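Structure record follows, encoded as structure tokens.
Nothing in this text is a laboratory measurement; each read-out follows from the coordinates by a stated rule. Not measured: the values here are computed from a predicted model. Reconstructed Cβ throughout: ideal geometry from the backbone, glycine too, with neighbour counts over all protein chains shown.
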């Protein structure tokens, strides 16, 4: 039995906006006092997190004078140095201020688009200086309530132009920085452009420097659309585009709940963790989640520890699943291959096509055999419930 304690090699990270969340929601004011970024760094060090991720406005309030900005950055970097907490990811807030009420890169107003670019470049400069290797872009207001307001084709073109500008800037500065795009179907806009990870992957292929741009899929965002998050992550991995990942939890079809990781969808999160561990994902495991509004800061510590502990428990369960003799036997049976069609591997040839066309398949015989997936799924449940 593991001690389930986080270690640096797990690369568990939290955003300033996560453990620093004060519990405000659309129906009520804050329930926790705000704590400073320096206090957040020390809280994360206390619970054993590897890193903290930087949201520009959470560190440096918008409109802060230059001298005060320098002091904030200096104090934050000192806190990182004192605690050993890393800062692997940066992201800019292009959604909270009223100037972004109709989007940032997709706004109809060219002044808003220019300001969004300026804010992004400044965020990147500060983030890289503090160690960031990934810059995440979430277009929280890049969408519409009415399609009478914008052309979706023009909006995607504007988004492409903005991202191309950013990647060219990164190249010009010689920064060792990748860009990860984050999809969400809706909220706070009625409809957000490029609403799923798959849509983002298609869009990336149209950019000037697609090799620099990947995705940052989030559990809650795919679950909001009723989709299988592990499938989205697998597609991103297969494309070589899983640059970062946001872990939390979310019931299907609800508002953006951002629950503690593993708190409501255990089987789905088990297969997610199993996939990440099986393929050897080595990036940050970032928890973009919030403690319940019921909690004080002791509860926030419980929340942060819980996210990491649940991941490690599921990691252990995944290893147990992989080693289970009965599960292995069932998988070997359903994946059995007598080699008859191995010639179809390694691509097409006219000869292979002709050989295949000549085969007589026993459709009824093949279809008659059960696959034992009920048993396989039950064994999975038993592993998760700790009785295997």
*Specify the angular offset, from 0 to 90 degrees and rounded to the nearest 10, of the alpha carbon long axis of helix 66-83 from the longest principal axis of the alpha carbons in the chain.*
50
*Which value in Å does the Kirkwood hydrodynamic radius of the chain take, with 1/r averaged over all unlike C-alpha pairs and then inverted?*
22.9
*Provide the gained length on full extension for the span residue 67 to residue 149, in nm with one decimal, where the gain is 0.36 nm per separating residue minus the Cα-Cα distance.*
25.5 nm
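Which order do the peptides 144-152, 299-307 take when ranked by the mean count of other beta-carbon atoms within 10 Å per residue, highest first?
On the way: 144-152: 12.1, 299-307: 21.1.
So the order, starting with the most tightly packed, is 299-307, 144-152.
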*Based on the mean of other Cβ atoms within 10 Å per residue, sort peptides 204-212, 240-248 so the most packed one is first.*
240-248, 204-212
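Kindly state, as a whole number, the per residue volume in cubic angstrom of the convex hull around the alpha carbon atoms of the range 1-138.
On the way: hull volume 19.6 nm³, N = 138.
With only Cα atoms used, the range 1-138 gives 142 Å³ per residue.
Highest mean first, what order results for 283-290, 266-273 on Cβ atoms within 10 Å?
On the way: 283-290: 25.2, 266-273: 20.2.
In decreasing order of mean packing, 283-290, 266-273 become 283-290, 266-273.
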_residue 331 versus residue 297: modelled label distance in nm, points set 7 Å from Cα along the beta carbon direction_ = 4.5
*At what distance in nm do the modelled label points of residue 165 and residue 46 sit from each other, each positioned 7 Å from its Cα along Cα→Cβ?*
4.2
*Centre separation in Å (Cα based) which lies between the range 99-114 and the range 140-214*: 13
*asked:* What do you get for the angle between helix 266-279 and the principal long axis of the chain? Use alpha-carbon atoms, 0 to 90 degrees, nearest ten.
replied: 80
*Consider just the alpha-carbon atoms of the range 36-83 and return their Rg together with their Dmax, both in angstrom.*
11.1, 33
*the range 253-377: Rg/Rh from Cα coordinates, Kirkwood Rh?*
1.17
_How many angstrom lie between the Cα centre of the range 260-307 and the Cα centre of the range 325-354?_
37
*What angle, in degrees between 0 and 90 and rounded to the nearest 10, separates the Cα long axis of helix 110-129 from the longest principal axis of the Cα atoms of the chain?*
80
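Per DSSP H run of n ≥ 4, the term is -39500 (n - 2.57); total these for the chain, divide by its residue number, and report the mean residue ellipticity at 222 nm rounded to 500 deg cm²/dmol.
Numbers: 15 runs with 180 residues, N = 388.
It lands at -14500 deg cm²/dmol.
Order by neighbour count: 2, 155, fewest other Cβ atoms within 10 Å first, most last. Numbers along the way, then the final one.
Values: 2 10, 155 22.
If I rank by nearby Cβ atoms, fewest first, I get 2, 155.
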*Taking the Cα-to-Cβ direction at residue 114 and at residue 24 and moving 7 Å from each Cα, how far apart do the two end points lie in nm?*
3.0
*Computed lengthening from residue 31 to residue 81, 0.36 nm per intervening residue step minus Cα-Cα distance*: 14.9 nm
*Working from the alpha-carbon coordinates of the range 325-384, get Rg over Rh, Rh being the Kirkwood radius.*
1.14
*asked:* Once the cut-off is 14 Å, how many percent of the Cα-Cα pairs in the range 121-177 end up in the long-distance tail?
replied: 63
*Per 10 Å bin from zero, what fraction in whole % of the C-alpha pairs of the range 147-251 is there, up to the bin with the longest pair?*
14, 44, 33, 8, 0
